[in-house]
1. So which chymotrypsin sites (Phe, Trp or Tyr not before Pro) in the range B:174-242 end up in coil per DSSP with only 12 or fewer other C-beta atoms within 10 Å?
2. Give the angle, between 0 and 90 degrees and rounded to the nearest 10, that separates the Cα long axis of helix A:6-44 from the longest principal axis of the Cα atoms of chain A.
3. I'd like the Karplus ³J(HN,Hα) series for the range B:168-179: coefficients 6.51, -1.76, 1.60, θ = phi - 60°, whole numbers in Hz, and an x wherever there's a Gly or Pro.
4. For the range A:71-107 and the range A:1-64, what is the separation of their Cα centres, given in Å?
5. Which entries of B:K9/B:K45; B:K74/B:K220; B:K74/B:K104; A:K222/B:K132; B:K40/B:K220; B:K9/B:K68 have Cα-Cα distances beyond 22 Å here?
6. Of all beta bridges DSSP finds with both residues in the protein assembly as shown, what is the antiparallel percent, to the nearest 5?
7. For chain B, what is the calculated [θ] at 222 nm in deg cm²/dmol (nearest 500), taking -39500 (n - 2.57) for each run of four or more DSSP H residues and dividing by its residue count?
8. Expressed as a whole number of Å, what is the distance separating the alpha-carbon centroids of the range B:184-240 and the range A:122-189?
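None of the figures in this text is laboratory data; all of them are computed from the coordinates on show. On a predicted model such as this, the values are computed, not experimentally measured, just so you know. Glycine gets a Cβ as well: all are built from the backbone with ideal geometry, and neighbour counts include every protein chain shown.
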Amino acid sequence: MDLDFEIIGRALPYLAGGLQYTFQLTLVAATGGVIFGTLLALARLSSFKPLALAAAGYVNLMRSIPLLLVIFWFYFLVPVLLQSITGAERPPQIGAERSAYITFVMFEAAFFCEIMRAGIQSIARGQAGAGYALGLNYWQVMWQIVLPQAFRNMLPILLTQSIILFQDVSLVSLLNVTDFVGAAVKVAQRDSRVVEMYLFVAVVYFVLCFSLSAAVKQLQRKIAIVR
Amino acid sequence: MIAITNISKWYGHFRVLTDCTTAVSKGEVVVVCGPSGSGKSTLIKCVNGLEAFQQGEITVNGVSVGAKDTDLPKLRAHIGMVFQNFELFPHLSVMENLTLAQIKVLGRTPEAAIAKGAALLERVGLAAHAAKFPGQLSGGQQQRVAIARALAMDPIAMLFDEPTSALDPEMINEVLDVMVDLAKEGMTMMVVTHEMGFARRVAHRVVFMDKGEIVEDAPKEDFFGKPRSERAQLFLSKILQH
């Protein structure tokens, strides 16, 4: 086979742009997912049953549908749904990139919810009791006492989930968004250099994810000692 | 100051408290004792509303704990509580443990809260440990910090839920000493404990519980001298034998 790796050098600026979008989407989805997921976790643990049920329903729905389907759903069906609600003449144009941000925050929140729920439950009830006994209210107890400890305990798992998220982001290339994989696909098709491009992309993903995983493992060890 | 009237509590069908009635007046030290599982801890946690109860009434300074419109956080801010397992906040330094609620609940400035915290640490003999984290302290030291944390709120009464039960024997006295000092200063205290030496030294009254009921509620001299109930006699003979 006749391989030409020089193509990569020439396409590098374009690929870097794609990688930047991938990072951006990962960061936004992880941050938004943790925030929304934590609120979902508090809702699931609420003693107010309707709230707990609604949150559980949402989480189970998201976790039972393939990510790809959720991506399509938000991209193709939500605009139509919004149109029927608002009564506009044409479906509102959300755009693939913006749609991807919303999709990933909503989808990842379901997974981060379950992680944070386990984290909150890992904090002994006595801790919350001590907070209440000092006169703190529910939000103060959560924000000052329970969540910092839960977040700290769960940090390695949250980061591991974020690495998975980093890989899952590549699915947006199917919406013709120029993420890292999307950029590579476009270059590969334009220059008919599929093998080189896909090989390069795989290597970059491997190096990034493997070193990040190693860093998480290191962090996990550090946290274990301090505790 | 604390009035407990006909309190009953159930966990499902299991009745953990049955018609408990007692009171703690201002400046009084009441020791609650009894075999494990007798409901002592549950009862004391009802006083600041950490545990709900289904029947009866508890008032603290005239405010009903169980009433729906009671501002529980506000009430709790004035009732200090010390737990069996200390329950210091492990992610905060000793000083932060002491200042958190002062700032968030009482609205004190950080400077005022730190000054108060430092004075209380000095008082419990731990001034040198302000910057440490709870995990770096011994059990006895942690419990003294927990007492200081409760005192930082200027409580009108203190609740102690088996404060020495989780401690190694050599650390029990350092905690009891702090409690004895508090009692001598006239702090209103309700103390769940098995430390009968402490009860003899500072208690005014002893409440004896068994199977969720208050079996005996008597002045200290009467309780140790001539307990009327057979169950209290049996309990005393068992724990005072050694």
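1. Answer in residue order: no site qualifies.
2. 20 degrees
3. So the Karplus estimates, Gly and Pro as x, are 5, x, 6, 9, 5, 5, 4, 6, 4, 4, 4, 5 Hz.
4. Centre-to-centre (Cα) distance: 17 Å.
5. On the way: B:K9/B:K45 12 Å; B:K74/B:K220 33 Å; B:K74/B:K104 12 Å; A:K222/B:K132 18 Å; B:K40/B:K220 18 Å; B:K9/B:K68 17 Å.
Result: B:K74/B:K220 exceed 22 Å.
6. Restricted to the protein assembly as shown, the bridges split so that about 55 percent are antiparallel.
7. The helix-only estimate for chain B comes to -11000 deg cm²/dmol at 222 nm.
8. For the range A:122-189 versus the range B:184-240, the Cα centre distance is 51 Å.
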